[in-house]
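Undergrad: To start, I am sharing the structure in question, which I have written as structure tokens.
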Amino acid sequence: MLKTNIMGFEIKNPVVIGSGPWCRGENLKPALTCGAGAIVTETITGDSYPDVSPRYDYDSGSRGLQNIRLYSSIDLETWIHDLKEIEKNDRYGSDTKLIASVMGSSSSELAYIAKKVEKTGVDGIELGLACPMGEGVSVIASDAEKVYRYVSETVDAVKIPVSVKLSANSYNLPEVVKACNKAGAAGISAIDTVRGILSIDIETGRPGLATYGGYSGAPIKPIGLAIVAGIAQTSSLPLIGLGGIENGSNLLEYIMAGASAGGVSSAVLLRGYDVVGEILDYLEKWFESHNITDISMIKGRALDRLKSFEEIKVEKKVASLKEVCAGRDCDICSRGCLDTAIFNDNGIRVDSAKCSGCGVCINICPDKKFELVWK
Ligand SMILES: Cc1cc2nc3c(=O)[nH]c(=O)nc-3n(C[C@H](O)[C@H](O)[C@H](O)COP(=O)(O)O)c2cc1C
């Protein structure tokens, strides 16, 4: 029921553990055995990058996370050893697919690393072309010609499928996606973290972390959904959607935006591998209660309804109260109404001649008392 296809092969369910430190060294075993359809290793490079301290800043209110890790602090030879050990141990009895994320300082180094990693027995390669940390790195995923060179050289060097990871920091996405397609990529993962600074202490002027970082978690879901939907509307490459997936309903949103599977990263860091089982339970129940027997029945469901701005019909709708509101202490609807159409006159009233039907009141009323009706 939950099986799906990513980058040319089938996985048992659409929950992918995205690339990061929860998929390296000793963490590979719990990642592989927690029930995910696939896992993606932390990005393996030719050099190892130091782990600075501290490297995480978290805001529990918005559930946004900033990290300043740049690729893996484990060197290539150790990675090769660790991946071979996994195969020697028969992947600890798990049928979860194993994808290696790799990156190089040039297209030829990238192809070389991918070939070395392929020999360990991994199922696929993901090219980490969009990491927003370090200088100049994100440029690769913004430059369609470079992307073509990096992807095609790797595709030529290995026999297993190659996918490309993109981010909101990759400009010119339509051209970049075309370049991935032309170069023989088997899939796309999006999005990587978004370049960001989570916080600045206004007493000391000190930023939460020592450099620009990758912003992730719940607040980036709208950005991820928009990028995934945009790619799905212009390309038929299988997509793994990432960015702010914390639960099964978030993952379904990505499927409806056109992804074949959803990746979970920050949620694994913040809540552990159990989050995978929780998402799977939700998906199973949701599929059953909605009579969905195959992901293809819901994949891309939102895309037809995502129109260009010019295509949206201007509908004459106005706000209306579903029930009487005495105008309790909040009065937030009248204060938030830019049309000055909502006012308190012995109870909340709407002047439908002034209301332009923007919908703010529907969103901000704590008691959900408003609806939009035809004028
Ligand atoms: C601490 C941390 C380390 C990460 N390391 C990598 C990495 O090595 N390679 C990569 O492609 N993405 C990396 N990512 C990006 C995630 O895989 C994912 O694309 C991004 O965080 C958005 O998903 P999320 O909101 O579920 O975290 C990392 C993210 C975090 C938070």
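Just so it is clear, none of the values below were taken in a lab; they were calculated from the coordinates. In this text the structure is predicted, and so the values were computed from the model without any measurement. Counting neighbours? That spans all protein chains shown, and the Cβs are built from the backbone with ideal geometry, glycine included.
Undergrad: With each run of n ≥ 4 DSSP H residues scored as -39500 (n - 2.57), what mean residue ellipticity at 222 nm is computed for the chain after dividing by its residue count and rounding to the nearest 500 deg cm²/dmol?
TA: -8500 deg cm²/dmol
Undergrad: Students often check this: by mean Cβ neighbours within 10 Å, which of 276-284, 183-191, 351-359, 213-221 ranks highest, and how do the rest follow? Numbers along the way, then the final one.
TA: Numbers: 276-284: 18.4, 183-191: 24.7, 351-359: 14.6, 213-221: 22.9.
Ranked by mean Cβ neighbours within 10 Å, highest first: 183-191, 213-221, 276-284, 351-359.
Undergrad: Given points 7 Å out from each Cα along the Cα-Cβ axis, report the K322 to K159 separation in nanometres with one decimal.
TA: Placing both labels 7 Å beyond Cα along the Cβ direction yields 6.0 nm.
Undergrad: Points 7 angstrom from Cα along the Cβ direction at R63 and S308: gap in nanometres?
TA: Label-label distance for R63 and S308, simple model: 3.5 nm.
Undergrad: Say the cut-off is 28 Å between C-alpha atoms; which of K12/K159; K84/K221; K3/K165; K119/K299; K119/K165; K182/K285 go over it?
TA: Going by Cα-Cα distance, K84/K221; K119/K299; K182/K285 fall outside the 28 Å limit.
Undergrad: Turning to a different aspect of this structure: Would you mind calculating the relative contact order of region 313-374 from Cα pairs under 8 angstrom and at least 6 residues apart, reporting the percent as a whole number?
TA: Answer for region 313-374 is 47 percent.
Undergrad: For the charge dipole of the chain, defined by +1 on Lys and Arg C-beta atoms and -1 on Asp and Glu C-beta atoms about the Cα centroid, which residue among I332, V350, C365 has the Cα displaced farthest towards the positive pole?
TA: Sorting the options by dipole projection puts first V350.
Undergrad: Given Cβ point charges of +1 (Lys, Arg) and -1 (Asp, Glu) and nothing else, what value in debye, to the nearest 20, does the dipole of region 14-110 about its Cα centre take? Walk me through the numbers on the way to the answer.
TA: Values: 9 positive and 14 negative charges, 63 e Å.
Charge dipole, region 14-110, about its Cα centre: 300 debye, nearest 20.
Undergrad: Any chance you could run the full-extension gain for K368 through E26? It's 0.36 nm times the residue separation minus the Cα-Cα distance, nm to one decimal.
TA: 118.3 nm
Undergrad: Hey, what do the phi angles of region 97-108 turn into as Karplus ³J(HN,Hα) couplings, whole Hz, using 6.51/-1.76/1.60 and θ = phi - 60°, x for Gly and Pro?
TA: 6, 10, 10, 9, 8, 9, 8, x, 7, 8, 5, 6
Undergrad: If you don't mind, another one. Treat each spin label as a single point 7 Å out from the Cα along the C-beta direction, and report the E315 to I200 distance in nm.
TA: Going from the E315 label point to the I200 one covers 4.2 nm.
Undergrad: Pick out, from S48, P238, V318, the residue whose Cα sits farthest towards the positive end of the charge dipole of the chain, with +1 on the Cβ of Lys and Arg and -1 on the Cβ of Asp and Glu.
TA: Towards the positive end, the residue furthest out is V318.
Undergrad: Give the cross-link partners of K88 among the aspartates and glutamates, using a straight C-alpha distance below 19 Å as the criterion and excluding same-chain residues fewer than 8 apart.
TA: E26, E77, E118, D123
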